[in-house]
Amino acid sequence: DGGITQSPKYLFRKEGQNVTLSCEQNLNHDAMYWYRQDPGQGLRLIYYSQIVNDFQKGDIAEGYSVSREKKESFPLTVTSAQKNPTAFYLCASRLGAKNIQYFGAGTRLSVL
Amino acid sequence: GIQVEQSPPDLILQEGANSTLRCNFSDSVNNLQWFHQNPWGQLINLFYIPSGTKQNGRLSATTVATERYSLLYISSSQTTDSGVYFCAVERGNNRLAFGKGNQVVVIP
């Protein structure tokens, strides 16, 4: 099946720990995105990548890092510098020039 | 940057009822999309509708770009329509700006 796979579904972070959220797509899309969703809020853009080996900061990049070494993969690391990491994280990829975005099922991150 | 406002923020519907969700945006856009997020968090793209009207089953959407708003109609609502509906518009460099959503609960 073609789609976007995020793992794990649930993740717990200890104080001072870095954690990495996985996002893999087999849709052959060039662009990928990471969003953060807090309760009752819309989606806020963390980082995005329009092509392999290139990525740009979104609106709330502080405390996060990404890499894009392969077209299929766009992992997000939540570093210890992110003081309020508890949220729902969504990964998306883009189809073509219309910027229609397709989403994974999300990862819920909580702090222990 | 471009602002996206959705109304009403919360809506409770009896199964079988019709409803209209509204999205206002602050600047002209060439890309507007409606998404549905189910109670488990999965977002599905419902419509790509920068202008005009589209229909998909019991859902339809209309965007009046010159007046900077879009409407999503849900007819004969079912419990599976519950969730959050998001409007998103293009804000340059292939990024989308999302509204805060319309939380819809359909009760049997």
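Does residue A:36 meet the test of being open to solvent by 20 Å² or more (accessible area, probe 1.4 Å), within 19 Å of residue B:88 (Cβ to Cβ) and in a strand (DSSP E or B)?
On the way: open to solvent by 20 Å² or more (accessible area, probe 1.4 Å): no; within 19 Å of residue B:88 (Cβ to Cβ): yes; in a strand (DSSP E or B): yes.
It is false that residue A:36 is open to solvent by 20 Å² or more (accessible area, probe 1.4 Å), within 19 Å of residue B:88 (Cβ to Cβ) and in a strand (DSSP E or B).
Out of the residues in region B:1-34 meeting the condition of being crowded, with 18+ Cβ neighbours inside 10 Å and without any contact (Cβ under 8 Å) to a residue 60 or more places away in the chain, tell me which one is farthest from the chain's Cα centre (by Cα).
Out of the qualifying residues, it is B:32.
Listed here are the residues, each with its yes/no results for (1) more than 13 Å from every other protein chain (Cβ to nearest Cβ); (2) among the hydrophobic types (A, V, I, L, M, F, W, C); (3) more than 19 Å from residue A:35 (Cβ to Cβ).
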residue	(1), (2), (3)
B:11	yes, yes, yes
B:17	yes, yes, yes
B:28	yes, no, yes
B:38	no, no, no
B:44	no, yes, no
B:66	yes, no, yes
B:86	no, yes, no
B:98	no, yes, no
B:106	yes, yes, yes
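Within region A:104-111, is there a residue that is over 29 Å from residue A:15 (Cα atoms), touching a residue at least 24 places away in the same chain (Cβ under 8 Å) and within 14 Å of chain B (Cβ to nearest Cβ)? Steps first, answer last, please.
So the first thing to find is which residues in region A:104-111 are over 29 Å from residue A:15 (Cα atoms), and the list is none.
No, because not a single residue in region A:104-111 is over 29 Å from residue A:15 (Cα atoms), touching a residue at least 24 places away in the same chain (Cβ under 8 Å) and within 14 Å of chain B (Cβ to nearest Cβ).
Rundown of residues vs (1) touching a Ser or Thr at 6+ places or on another chain (Cβ under 9 Å); (2) in contact (Cβ under 8 Å) with a residue 60 or more places away in the chain; (3) open to solvent by 30 Å² or more (accessible area, probe 1.4 Å); (4) over 20 Å from residue A:98 (Cβ atoms), yes/no style:
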residue	(1), (2), (3), (4)
A:29	yes, yes, no, no
A:48	no, no, no, no
A:59	no, no, yes, yes
A:65	yes, no, yes, yes
A:68	yes, no, no, yes
A:76	yes, no, no, yes
A:83	no, no, yes, yes
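Restricting to region B:1-45, count the residues that are out of contact with any strand residue (DSSP E or B) (no Cβ under 8 Å at 6 or more places or on another chain) and polar (S, T, N, Q).
Within region B:1-45, residues that are out of contact with any strand residue (DSSP E or B) (no Cβ under 8 Å at 6 or more places or on another chain) and polar (S, T, N, Q) number 1.
Determine which member of the set B:43, B:59 is closer than 25 Å to residue A:93 by Cα and crowded, with 20+ Cβ neighbours inside 10 Å.
Going through B:43, B:59 in turn, the sole match is B:43.
Being modelled with pLDDT of 95 or more and either part of a loop (DSSP other than H, G, I, E, B) or within 29 Å of residue B:11 (Cβ to Cβ) (or both), is that true of even one residue in region A:92-99?
For region A:92-99, residues modelled with pLDDT of 95 or more and either part of a loop (DSSP other than H, G, I, E, B) or within 29 Å of residue B:11 (Cβ to Cβ) (or both): present.
When the residues of region B:68-84 are narrowed to those that are part of a strand (DSSP E or B) and open to solvent by less than 10 Å² (accessible area, probe 1.4 Å), which ends up farthest from the other protein chains (Cβ to nearest Cβ)? Steps first, please.
From region B:68-84, those part of a strand (DSSP E or B) are B:69-74, B:83-84; that's our starting set.
Going one step further and asking which of them are open to solvent by less than 10 Å² (accessible area, probe 1.4 Å), we end up with B:70, B:72, B:74, B:83.
Details: B:70: 15, B:72: 15, B:74: 20, B:83: 13 Å.
Applying the filter and picking the extreme gives B:74.
The values are calculated or read from the model by the stated rules, or taken from the named source; none is laboratory data. None of these values were measured; they are calculated from a predicted model. With ideal geometry, Cβ positions are generated from the backbone for all residues, glycine too; neighbour counts draw on all protein chains shown. To get the accessible areas, we keep the full protein, side chains included, count just its heavy atoms, and leave off ligands, DNA and RNA. Shrake-Rupley method; radii C 1.70, N 1.55, O 1.52, S 1.80 Å.
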